[in-house]
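*Asks:* Input: one structure, supplied below.
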Amino acid sequence: MRGMRQVYQRGTVWWVQYYFNGRKHRESTGSPSRADAVRLLRSRLEEIGSGRLVGPAMEKTTFDDLAELLLTDYRINRKRSVARIEDSVQHLRQVFGGFRALNVAADRIVAYIRARQEAGAANGTINRELSALRRMSRLGEQAGKVAQRPHIALLREDNLRTGFFEPDQFRALVAHMPEPLRPVMAAAYLTGACSRMLRLPTSRCRERPGSSPRARKGGRRG
């Protein structure tokens, strides 16, 4: 192939050359095989024909690169849900860590959803993780690190709850509580116990500092 599209050799390594949007691109195959160069050139021409050139730079982008874009975006914008997004990224990284971004495809995302459901994660929790994956893919596209975002459909949530705190919300609330109540509220949050089960102090049982215990009305004095 000559002219605008060609394969050629430098030393023992074969290279390819092609044009996209009026710009010349040269790319090494890293291989001494001309057949590898032909395959690579055909792949690039197919990408150009579809209107999106992936190219070697985008092929090197990893899930971890995109995750760092997301975490940086949350931190520099001082978003209050940083703790939640860090938790979501941690779950995603357990499966996709080390993957090239190109390989985080729809079929692998469906497998991730299935695995999280089998592990007992609620659909709402999984949706937050999928939303994090969506956001990092969008940031990667804006930064020119990915050519195309994977299709990510959120799950139906039949387990919506009201009156419940998310972990980061609960931590913020406890930070403003009196010190003696913090371990009690932490136990209630983790176990789902009510105040009667945990014997939370009430105005009927609190005593003033330095006062002696008083018997209830009708009770016997010692």
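*Asks:* Among the numbered criteria (1) part of a helix (DSSP H, G or I); (2) charged (D, E, K, R); (3) closer than 24 Å to Thr72 by Cα, which single criterion is violated by Arg116?
*Replies:* Going through (1) part of a helix (DSSP H, G or I); (2) charged (D, E, K, R); (3) closer than 24 Å to Thr72 by Cα one by one, Arg116 breaks only (3).
*Asks:* Ok, one more. Checking Glu27 against (1) within 17 Å of the chain's Cα centre (by Cα); (2) among the charged types (D, E, K, R); (3) outside any helix (DSSP H, G or I): exactly one of these is not met. Which one?
*Replies:* (1)
*Asks:* Moving on. Of all helices (runs of 4 or more DSSP H) completely enclosed by the stretch 129-222, which ones contain at least 3 residues that are in contact with a helix residue (DSSP H, G or I) (Cβ under 9 Å, 6 or more places away or on another chain), surrounded by 10 or more Cβ atoms within 10 Å (Cβ to Cβ) and modelled with pLDDT of 55 or more?
*Replies:* 167-174, 182-191
*Asks:* Then there is this: Residues being assigned to a helix (DSSP H, G or I) and either surrounded by 15 or more Cβ atoms within 10 Å (Cβ to Cβ) or not assigned by TED's automatic domain parsing to the domain that holds Asn127 (or both): count how many of those fall in the stretch 84-108. Explain how you work it out, then say what you get.
*Replies:* Just the residues of the stretch 84-108 that are assigned to a helix (DSSP H, G or I), to begin with: 84-96, 101-103, 106-108.
Going one step further and asking which of them are either surrounded by 15 or more Cβ atoms within 10 Å (Cβ to Cβ) or not assigned by TED's automatic domain parsing to the domain that holds Asn127 (or both), we end up with 84-89, 91-92, 95-96, 101-102.
Selection size over the stretch 84-108: 12.
*Asks:* Still on this structure: Please work out if Ser33 is among the polar types (S, T, N, Q), at pLDDT below 90 and over 29 Å from the mean Cα position of the chain (by Cα).
*Replies:* Against the criterion (among the polar types (S, T, N, Q), at pLDDT below 90 and over 29 Å from the mean Cα position of the chain (by Cα)), Ser33 does not qualify.
*Asks:* Being touching a helix residue (DSSP H, G or I) at 6+ places or on another chain (Cβ under 9 Å), crowded, with 16+ Cβ neighbours inside 10 Å and either within 26 Å of Phe170 (Cβ to Cβ) or free of Cβ contacts under 8 Å to residues at least 12 places away in the same chain (or both) narrows it down to one residue among Leu66, Leu70; which is it? Give the steps one after another, and end with the answer.
*Replies:* Values: Leu66 fails: either within 26 Å of Phe170 (Cβ to Cβ) or free of Cβ contacts under 8 Å to residues at least 12 places away in the same chain (or both).
None of the other options fit; the residue is Leu70.
The values are calculated or read from the model by the stated rules, or taken from the named source; none is laboratory data. The shown structure was predicted, so the numbers you read here are calculated from the model rather than taken from an experiment. In this analysis, Cβ positions are derived from the backbone assuming ideal geometry, glycine residues included, and neighbour counts consider all displayed protein chains.
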